[in-house]
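Before any comments, here is the structure.
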Amino acid sequence: MYDILIVGGGTAGLTAAIYARRAGRSVLVLEGTGFGGQITSSPLVENYPGLPAVSGLDYSDALLAQAKALGAETRFGRVESAGREGDHFVLTARKKTFEGRALILCTGAKHRKLGVDREEELVGRGVSYCAVCDGAFFKDKDTAVVGGGDSALQSALFLSQVARSVTLIHRRGEFRAQEAYVTAAKEKENITFLMDSRVTELIGEEALTAIGVEEKSGKGRKLPVEGLFVEVGQEPDNGAFAGLTDLDEGGYFTAGEDCRTKTPGVFVAGDCRAKELRQLTTAAADGSVAATAACRWLDGQ
Ligand code: NAP
């Protein structure tokens, strides 16, 4: 029986683990795919206070090491079910059961799919959701990135150092990404912008060879690319916890800035929570708030 079970080993979950351990609580962090979370895909993080330039991987490695050094236990396992038994919570992952007196859910969000035919079939054969992970496969090749947020711009910038060309395709005329990234991308000679455009088709037998792109005007074209990087945002994946606490219409946990849910003993932190700004800074803030709230709640038990 742990004092606190934390689901998700990204910035929010590992920060919660650090705070809970420093408060003397026993902690288990369960992670389904890879510790570090989404930021591990970011080549360069330049907006975390005190760290003017750090790679997402270096940052998350340091965060995991910090949590472990403080005594947080960590384990791989995607939580399949979550419930309450008497005065504690029970999670199952990889056919194992884990018990804790309080629960902090830091499940983050997963890559949103583009929703174009054959997208799934071509993953690993031209379609990718992570430029840092897969960019090296496209050395001196023509590539495209879809999306207009920080991730899309960052991916385009990263790929521009490896690929021969990068076409950035965005469905609107304006980016939502930070201005600094847009300016940097405009300065790159091998990045071309295709605004007000959508990817409509993925072409290629064994692997991607081209994509169909349609402009707002309806004009279509075929763009020869071997790599398509989909960076169209994230969506939550909180279904396993729907019976435990409330989700909003988008599937995010309903909780305020205090990270408390309507269920006593259940706290939520990071991108999985309904909130205005999803950043490393806000994930770290949530992790500390949720852990402190969980410790106080345990004190009152
Ligand atoms: P995001 O900010 O939600 O941007 C998603 C982009 O994809 C938007 O431009 C959106 O278009 C577009 N899009 C959504 N669905 C689409 C579809 N079906 N087809 C085509 N385009 C579609 O997502 P993100 O860039 O992954 O960033 C997520 C969060 O992480 C943000 O808060 C971001 O600031 C943060 N982040 C921070 C850093 C950093 O350096 N600190 C790095 C990466 C991410 P519209 O603009 O038209 O809606």
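The values are calculated or read from the model by the stated rules, or taken from the named source; none is laboratory data. Since we're looking at a predicted model, the values are computed, not measured. FYI the Cβ positions are ideal-geometry reconstructions off the backbone, even for glycines, and counts take in every protein chain you see. These accessible areas exclude ligands, DNA and RNA; they are computed on the full protein's heavy atoms, side chains included. Shrake-Rupley method; radii C 1.70, N 1.55, O 1.52, S 1.80 Å.
Tabulated data
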| read-out | value |
| --- | --- |
| Meets criteria (hydrophobic (A, V, I, L, M, F, W, C) and open to solvent by 70 Å² or more (accessible area, probe 1.4 Å)) for residue 277 | yes |
| Residue pairs meeting the criteria (Cβ under 6 Å; at least 6 apart or on separate chains; first closer than 21 Å to residue 214 by Cα and open to solvent by less than 60 Å² (accessible area, probe 1.4 Å), in region 163-183; second part of a loop (DSSP other than H, G, I, E, B) and more than 8 Å from the ligand (Cβ to nearest atom)) | 165/190; 170/195; 173/195; 173/196 |
| Residue match in region 200-215 (condition: in contact with a strand residue (DSSP E or B) (Cβ under 9 Å, 6 or more places away or on another chain), hydroxyl-bearing (Ser, Thr, Tyr) and surrounded by 21 or more Cβ atoms within 10 Å (Cβ to Cβ)) | no |
| Of all residues in region 27-58 being assigned to a helix (DSSP H, G or I) and farther than 20 Å from residue 6 by Cα, the one that is modelled with the lowest pLDDT | 41 |
| Residue, nearest to residue 176 (Cα to Cα), within region 250-259, restricted to residues that are surrounded by fewer than 19 Cβ atoms within 10 Å (Cβ to Cβ), touching a residue at least 24 places away in the same chain (Cβ under 8 Å) and away from the ligand (no atom under 16 Å from the Cβ) | 257 |
| Check on residue 74, closer than 19 Å to residue 270 by Cβ, out of contact with any helix residue (DSSP H, G or I) (no Cβ under 9 Å at 6 or more places or on another chain), in contact (Cβ under 8 Å) with a residue 12 or more places away in the chain and more than 16 Å from the ligand (Cβ to nearest atom) | no |
| Qualifying positions in region 202-219 - of a type in the set (A, V, I, L, M) and part of a loop (DSSP other than H, G, I, E, B) | 207, 208 |
| Answer residue from region 280-301, given it is open to solvent by 30 Å² or more (accessible area, probe 1.4 Å) and either more than 16 Å from the ligand (Cβ to nearest atom) or small (Gly, Ala, Ser) (or both) and is nearest to residue 41 (Cα to Cα) among those | 285 |
| Strands (runs of 3 or more DSSP E) wholly inside region 78-188 that include at least 1 residues being closer than 22 Å to residue 216 by Cα and within 16 Å of the ligand (Cβ to nearest atom) | 142-146, 165-169 |
| Matching residues, region 38-55, being among the hydroxyl-bearing types (Ser, Thr, Tyr) and either surrounded by 17 or more Cβ atoms within 10 Å (Cβ to Cβ) or near the ligand (Cβ under 10 Å from one of its atoms) (or both) | 40, 41, 42, 48 |
| Single residue of region 102-118 satisfying the filter (β-branched (Val, Ile, Thr) and crowded, with 20+ Cβ neighbours inside 10 Å) that is nearest to residue 250 (Cα to Cα) | 107 |
| Matching entry among 62, 17, 23 (being open to solvent by less than 20 Å² (accessible area, probe 1.4 Å) and away from the ligand (no atom under 13 Å from the Cβ)) | 17 |
| Pairs with Cβ under 8 Å, 6+ apart, first in region 82-101 and exposed (fewer than 11 other Cβ atoms within 10 Å of the Cβ), second in a strand (DSSP E or B) | 85/99; 87/101; 97/90; 97/91 |
| Flag if residue 4 is closer than 16 Å to residue 295 by Cβ, of a type in the set (A, V, I, L, M, F, W, C), in contact with a Gly (Cβ under 8 Å, 6 or more places away or on another chain) and in contact (Cβ under 8 Å) with a residue 24 or more places away in the chain | yes |
| Residue count for region 268-295, restricted to those that are touching a residue at least 40 places away in the same chain (Cβ under 8 Å) and within 20 Å of residue 110 (Cα to Cα) | 13 |
